[in-house]
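Trainee: Attaching a single structure in structure tokens format; questions to follow.
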Amino acid sequence: MLVKVYSGAICGAVAQLITIEVHISRGVRYHIVGLPDVAVRESLQRIESALVSAGFRMPRQKIVVNLAPAYIRKEGSAFDLPIALGILAASKQLDPTLLDDLLFFGELSLAGDLLPVRGVLPTTLLARELGISGAVVPEANAEEAAIVQSVAVYGLSGLKETVSFLKNKTNKPKEIFQGHTPGILPSRGMDFSDVRGQEMPKRALEIAAAGGHNVLLFGPPGSGKTMLARLLPTILPPLSHQELLETTQIYSIAGKLMTARPVLSSRPFRAPHHTISPIALAGGGPYPYPGEISLAHNGVLFMDELPEFKRSVLEVLRQPLESRSMTVTRAKISAEFPADFMLVASMNPCPCGYLNHPSKSCICGPREIRQYLGKVSGPLLDRIDMHIEVAPLSFDELNAGRAQENSKMVQERVVLARAVQRKRFGTKPGNTSCNAQMDHHQLSMHSVIGQEGRELLRMAMERLSISARAYNRILKVARTIADLDGSDQIDVPHLAEAIQYRSLDWNQWVA
């Protein structure tokens, strides 16, 4: 007897439909085909024990399990449940029609319990895309899958309970999760009001958050660069439902969702150590998984002490900063992961950190400084919209009693500016969502400047040796400043402030 059960396999950032065909005939051997990995080939041993523990019998006949299509690599233990149900249906212990219009996903323990697996969210999204009405998943993965609307999610605890549910769907043993969206998680406990002084860097971060711009913070040790960077997520707009789906999907594929936090409802903040490898940053492996770049999607990638990273690691950033995606190619497969993130980097002005410090002397020679700064290539710097100096604070600034704006107040202005940009670019999926993403045509259309502004930019390009890419970055930042100011046009003050955040000329700085 031949039975078909439906599941999904993770291919890059999405899931593809897998049809599990189970055929039982005369004989005594078990076969599983369709390009399975070791974990899938071992599943029959787990399934046999789970069936017996749940009160069913394992047929002593020839069982052939085919995972179609055969050209897609199947890996992991998530096919245990659909294979077990297929064996029960093929051996007439379960009505095959009960498996219709459902997608199954889950690992079985030897006792027949359903264990959590990764990749449940993209598999549930696949069910919605194909018009499948329901998805049966482990109970621990139910909340993760339930953020997908239009698909009924059945979170069950074991094989026996799953069979009971299929036989009597009118008496569901567990709650059916339907399009549930958890609330926004509270902030990490840090707030903009905790920062004393540093008005210019805080203003620059507000602009960066409003327009989605990349930022480089440079200054001496102890000036607050790392703290400012870690505060950036507290002023970014809350995740939209679509962004929540995209972000949680990546973490589900990477197996980084926690049981206590199955839905990533706050923007990610990734801060890899400078010893990270290019593969760990970009993503990879024999069958690629997301790296730090993709894990920062819809959030912030913070690279502290930028020159300490290997040159090969830094050059990995160049392509995703332009394309907002990360393509990982291996001999057997090519996978594309989303990578729409804000890059925030920090660095010292020299190896000792005290170049141009108001009270401490630098002990570095010109050659050492040039070698240190040369670790960050010009093309990478061109892709960073804003270069912000973070100066050391004096005693009076640290002890000033002035009230500081909190993150919520700044975030409100950022949200208003992002709303202006959504109205400008549209809200359809795939559209430009913020000023930093404008292409050349959009930049020409939405960043018109007057004669005085053109003269100011001409002077800046001549004096600061600004490249064409940096010129476009200035216009994008100026457009964001105008949005925060509530202005439809880019005026000279907006351009002047944008140039101020781009005025880092390395040769002059070193001299």
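Trainee: Being more than 27 Å from SER325 (Cβ to Cβ) and either touching a Gly at 6+ places or on another chain (Cβ under 6 Å) or open to solvent by 50 Å² or more (accessible area, probe 1.4 Å) (or both): is that true of ARG458 here?
Mentor: Yes: the conditions hold for ARG458.
Trainee: Restricting the search to the stretch 153-173, which residues are open to solvent by 20 Å² or more (accessible area, probe 1.4 Å) and touching an Asp or Glu at 6+ places or on another chain (Cβ under 8 Å)?
Mentor: Across the stretch 153-173, the qualifying residues are SER157, LYS167, PRO173.
Trainee: If you check ARG29 against the conditions, is it within 19 Å of LEU166 (Cβ to Cβ), of a type in the set (D, E, K, R) and open to solvent by 10 Å² or more (accessible area, probe 1.4 Å)?
Mentor: no
Trainee: Continuing with this model, one more query. Which one is modelled with the lowest pLDDT among residues in the stretch 263-275 that are part of a loop (DSSP other than H, G, I, E, B), within 27 Å of LEU245 (Cβ to Cβ) and not charged (D, E, K, R)?
Mentor: The extreme case among them is SER265.
Trainee: Then there's this: Of all the residues that make up the stretch 375-418, how many are part of a helix (DSSP H, G or I), within 30 Å of LEU317 (Cβ to Cβ) and either open to solvent by less than 50 Å² (accessible area, probe 1.4 Å) or at pLDDT below 90 (or both)?
Mentor: Residues that pass the stated criteria total 11.
Trainee: Here's a check for you: in the stretch 427-455, which residue that is among the hydroxyl-bearing types (Ser, Thr, Tyr) and free of Cβ contacts under 8 Å to residues at least 60 places away in the same chain is surrounded by the most Cβ atoms within 10 Å (Cβ to Cβ)?
Mentor: The qualifying residue surrounded by the most Cβ atoms within 10 Å (Cβ to Cβ) is SER447.
Trainee: Now for a different question. From the list ILE24, ILE47, ILE18, pick out the single residue that is farther than 26 Å from GLY131 by Cα, modelled with pLDDT of 90 or more, surrounded by 14 or more Cβ atoms within 10 Å (Cβ to Cβ) and touching a Leu at 6+ places or on another chain (Cβ under 7 Å).
Mentor: ILE47
Trainee: Restricting the stretch 132-143 to residues that are touching a Leu at 6+ places or on another chain (Cβ under 7 Å) and open to solvent by 10 Å² or more (accessible area, probe 1.4 Å), which is farthest from LEU257 (Cα to Cα)?
Mentor: By that ranking, first place goes to ILE132.
Trainee: Would you tally the residues in the stretch 330-368 being of a type in the set (Val, Ile, Thr) and in contact (Cβ under 8 Å) with a residue 12 or more places away in the chain?
Mentor: Summing the residues that are of a type in the set (Val, Ile, Thr) and in contact (Cβ under 8 Å) with a residue 12 or more places away in the chain in the stretch 330-368 gives 2.
Trainee: Scan ARG370, ARG424 and give me the residue that is of a type in the set (Lys, Arg) and either over 26 Å from ALA210 (Cβ atoms) or in contact with a strand residue (DSSP E or B) (Cβ under 6 Å, 6 or more places away or on another chain) (or both).
Mentor: Answer to the selection: ARG370.
Trainee: Something else now. Filtering the stretch 271-300 down to residues that are under 17 Å from GLY119 (Cα atoms) and small (Gly, Ala, Ser), which residue is surrounded by the fewest Cβ atoms within 10 Å (Cβ to Cβ)?
Mentor: GLY285
Trainee: Also, I was wondering about something else. Which of the residues belonging to the stretch 342-368 are open to solvent by less than 80 Å² (accessible area, probe 1.4 Å) and not in a loop (DSSP other than H, G, I, E, B)?
Mentor: MET342, LEU343, VAL344, ALA345, SER346, MET347
Trainee: Return yes when SER150 is modelled with pLDDT of 90 or more, more than 21 Å from the chain's Cα centre (by Cα) and open to solvent by 40 Å² or more (accessible area, probe 1.4 Å) and no when it is not.
Mentor: It is false that SER150 is modelled with pLDDT of 90 or more, more than 21 Å from the chain's Cα centre (by Cα) and open to solvent by 40 Å² or more (accessible area, probe 1.4 Å).
Trainee: Report the residue count in the stretch 74-116 for those that are in contact with a Pro (Cβ under 7 Å, 6 or more places away or on another chain) and open to solvent by 20 Å² or more (accessible area, probe 1.4 Å).
Mentor: Adding up the residues that qualify gives 2.
The values are calculated or read from the model by the stated rules, or taken from the named source; none is laboratory data. Note that the structure is predicted; figures quoted are calculated from it, not measured. Cβ: placed from backbone, ideal geometry, glycine included. Neighbour counts: every protein chain shown. The accessibility values were calculated without ligands, DNA or RNA, using every heavy atom of the protein model including side chains. Shrake-Rupley method; radii C 1.70, N 1.55, O 1.52, S 1.80 Å.
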